1. Name the strands (runs of 3 or more DSSP E) wholly within segment B:284-339 that hold at least 3 residues that are farther than 22 Å from B:ALA182 by Cα?
2. Working carefully through the options B:LEU267, B:LEU275, B:LEU260, B:LEU293, find the one that is in contact with a strand residue (DSSP E or B) (Cβ under 6 Å, 6 or more places away or on another chain) and either in the same structural domain as B:GLY206 (by TED's automatic domain parsing) or hydroxyl-bearing (Ser, Thr, Tyr) (or both).
3. Residues that are aliphatic (A, V, I, L, M), near DNA strand C (Cβ under 10 Å from one of its atoms) and closer than 24 Å to A:VAL76 by Cα: does segment B:7-14 have at least one?
4. Only one of (1) within 13 Å of DNA strand C (Cβ to nearest atom); (2) open to solvent by less than 40 Å² (accessible area, probe 1.4 Å) fails for A:SER31. Which number is that?
5. Look at segment B:11-21 and say how many of its residues are outside any loop (DSSP other than H, G, I, E, B) and near DNA strand D (Cβ under 7 Å from one of its atoms).
6. Has segment B:243-251 got any residue that is within 14 Å of chain A (Cβ to nearest Cβ) and either at pLDDT 95 or above or open to solvent by less than 20 Å² (accessible area, probe 1.4 Å) (or both)?
7. Pairs please, first residue from segment A:110-127 and more than 9 Å from chain B (Cβ to nearest Cβ) and farther than 18 Å from A:ILE312 by Cβ, second anywhere and aliphatic (A, V, I, L, M) and open to solvent by 10 Å² or more (accessible area, probe 1.4 Å), Cβ atoms under 7 Å, 6+ apart in sequence or on different chains.
There are 2 protein chains.
Amino acid sequence: MRRRAITSYDVARAAGVSQSAVSRAFSPGASIAERKRAQILAVAAELGYQPNAIARSMSTARSDQPQRSGMVGIIVRRLEDPVFAQTIALFSRILQRRGWHILLFTVDAEREVDEALGALMRFRIDGVIILSALLSRHMAETCHAEGTPVLLYNRSAPGLGISTVQIGNRDGGRSAAALLAAAGHARIAFLGGGDGDATSASREAGLAEGLAEAGLEVFAREEGDYTFTSGREACLRLFARGERPDAVFCASDVMALGLLHAARHELGLAVPGDLSVVGFDDIPAAGWPGHRLTTLRQPVERMIREAVEILIERMETAGLGPRDEHFPAALILRDTVRTVLRR
Amino acid sequence: MRRRAITSYDVARAAGVSQSAVSRAFSPGASIAERKRAQILAVAAELGYQPNAIARSMSTARSDQPQRSGMVGIIVRRLEDPVFAQTIALFSRILQRRGWHILLFTVDAEREVDEALGALMRFRIDGVIILSALLSRHMAETCHAEGTPVLLYNRSAPGLGISTVQIGNRDGGRSAAALLAAAGHARIAFLGGGDGDATSASREAGLAEGLAEAGLEVFAREEGDYTFTSGREACLRLFARGERPDAVFCASDVMALGLLHAARHELGLAVPGDLSVVGFDDIPAAGWPGHRLTTLRQPVERMIREAVEILIERMETAGLGPRDEHFPAALILRDTVRTVLRR
DNA sequence: CGAATCTCTGCATGCGCATGCAATATAGCA
DNA sequence: TGCTATATTGCATGCGCATGCAGAGATTCG
């Protein structure tokens, strides 16, 4: 049976002090004698009292400051994707350590975007981290208009004045291009993450630029949706054509692994013998002994640390302008790109 | 600049009605004329009003009922593990669809357990889902004592009267044993998830039982920590011994894949030629063409659906007793266990 | 030893909303 | 039309806490 929770009044009565004293005992820096605070805390502990965060949030909504809930909303899509899982895990740890709590929203369909948005507003969250591409612009715009700090992680929304932390997609694509061109590849394909996806588009643009500098162009392209299966299927399509690619740059490691597995185990191709593969992200599975996928690494930890910093800054002091941080993707050379140049 | 949020009073003034009317317009089933409700909702939409969930939560804390926040706490460890990532993703979707919101806690160290616990209590969450083994007992006990419904997912805490949803670990172990024994293996090792881990212990117990029935016993055992790396290292240790195992049952797919990669790509062993491997969980990577890991599948979707059902039931009606649901693990036959019997 | 500080303390109040209650408007009916 | 039953409405209040304010002790210092 759910009991009525213990309130500061209960503690006050038990300790023979006023409710204000109890409140102050739990507010760092409040004006209260150390002795008394200790006594109150002892009584509170005995009764199992925990300040009611909801009520606290209510009362902080005083005349001038806006209400603060101590919660940060995180919006994500496909949390089961290893990249997002790792990202959320890190965000969660760092935010928690800094005393913030996380309201999590998984958004798959457009309809859910509005629901999540509504919930965020209703809960008066203090800030939002958006990882989902899906309508992130609309959502970012709305929150931002409400005055809630927003941080876009690996997304951008130019012109909105919203802070972002991003990996260098274009430069990553260029690195991949340079590597593959140097290895003597001439038929380099691109495997993207979907037509409307800006991340994928930037990576492809970088690839195209880099190839152009080497006098090459993108040999073929396929679209996936960032899943293993889509990488696998794209591989089968790529090799069902007349002229086959001799290298593929994939917009993500997960798709690259799908392509790698299909190539090796379904088509019987040698990688990197018959085909070179480059991924993006450097997820843990990329480094597994049987994969050793050459890829572009995101400095995830540093990026997230920075993202949290930026968001907290803006939650704590109003009126700060947006900050945009870009991080370079590091080329991780493993074993899915041939090193011998052969023509 | 963070603006002061729009309140029901603002809407009331703009619409020329009382604050109560606004409140009722947003409460399904409240006594208000349909016409008026529509008008108020229109004005509210125009002003961008969203009922304040925090204030709402405050006022629902009336004399008899306890306060309700509309939030469910989820406690998890190692969110980056694919099993947990998928689990959280599903929980999140289903809970959201049912109108609940998720307060997420990642707990790695013992110290953080208490922090999370405190936060849960402070936020007056309506229910908790615990996925972390770490001190789950202490936590479950505390919440339960407070009267907050608790659901343990793939954990147990016998004697506490707490609801659980679990996979059949022991029977899963028995299935693995039966399969391996039938394949003619005689030196079957177990790779566990850590000494204190109950899940791992049950799976091992099932294995031992099943082997005993075939007149065998566990040939060797190693401990990992559910990570790929630990599986890989355990493999190296297993094969550094004098007499080598000819099959390994692993407490998780992630470790099984670590072992598989190490065996094939570092030790040059053939799987299943030289060594059979059985995992547990059936994570997506288990089915990848290059792995084709034989494993025990958890009916994750059904389990989570059931778990949510159980929790919601208990959040909505007080005084319900605990419910325990067990689901059978299904043996998924792929290609890492030899089929030809050879002695 | 008294006045001036300074440190604590309790009182009273409001945060935004839901809701019991009484008042009012509307409908139903003879 | 007049009167009762019913549907709406507004008023007033409390949820639990933080905090401005004024008073009460405690401390300092001349």
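1. On the way: elements: B:295-297, B:324-327, B:330-332.
Per the criteria, B:324-327.
2. The match here is B:LEU260.
3. Taking every residue of segment B:7-14 in turn, none turns out to be aliphatic (A, V, I, L, M), near DNA strand C (Cβ under 10 Å from one of its atoms) and closer than 24 Å to A:VAL76 by Cα.
4. (2)
5. Residues flagged as outside any loop (DSSP other than H, G, I, E, B) and near DNA strand D (Cβ under 7 Å from one of its atoms) within segment B:11-21 amount to 3.
6. Step one: list which residues in segment B:243-251 are within 14 Å of chain A (Cβ to nearest Cβ), which gives none.
For segment B:243-251, residues within 14 Å of chain A (Cβ to nearest Cβ) and either at pLDDT 95 or above or open to solvent by less than 20 Å² (accessible area, probe 1.4 Å) (or both): absent.
7. Matching pairs, first to second residue: A:GLU110/A:LEU134; A:GLU110/A:LEU135; A:VAL113/A:LEU134; A:VAL113/A:LEU135.
Quick grid of which residues meet (1) near DNA strand D (Cβ under 7 Å from one of its atoms); (2) among the hydroxyl-bearing types (Ser, Thr, Tyr); (3) in a helix (DSSP H, G or I):
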| residue | (1), (2), (3) |
| --- | --- |
| A:ARG4 | yes, no, no |
| A:TYR9 | yes, yes, yes |
| A:SER23 | yes, yes, yes |
| A:PRO28 | no, no, no |
| A:ALA38 | no, no, yes |
| A:ALA45 | no, no, yes |
| A:SER57 | no, yes, yes |
| A:ARG78 | no, no, no |
| A:LEU90 | no, no, yes |
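The values are calculated or read from the model by the stated rules, or taken from the named source; none is laboratory data. Quantities reported herein were computed from a predicted structural model and do not represent experimental measurements. Neighbour counts run over all protein chains shown; Cβ positions are idealised from the backbone, glycine included. Heads up: the accessible areas ignore ligands, DNA and RNA and are worked out on the full protein's heavy atoms, side chains in. Shrake-Rupley method; radii C 1.70, N 1.55, O 1.52, S 1.80 Å.
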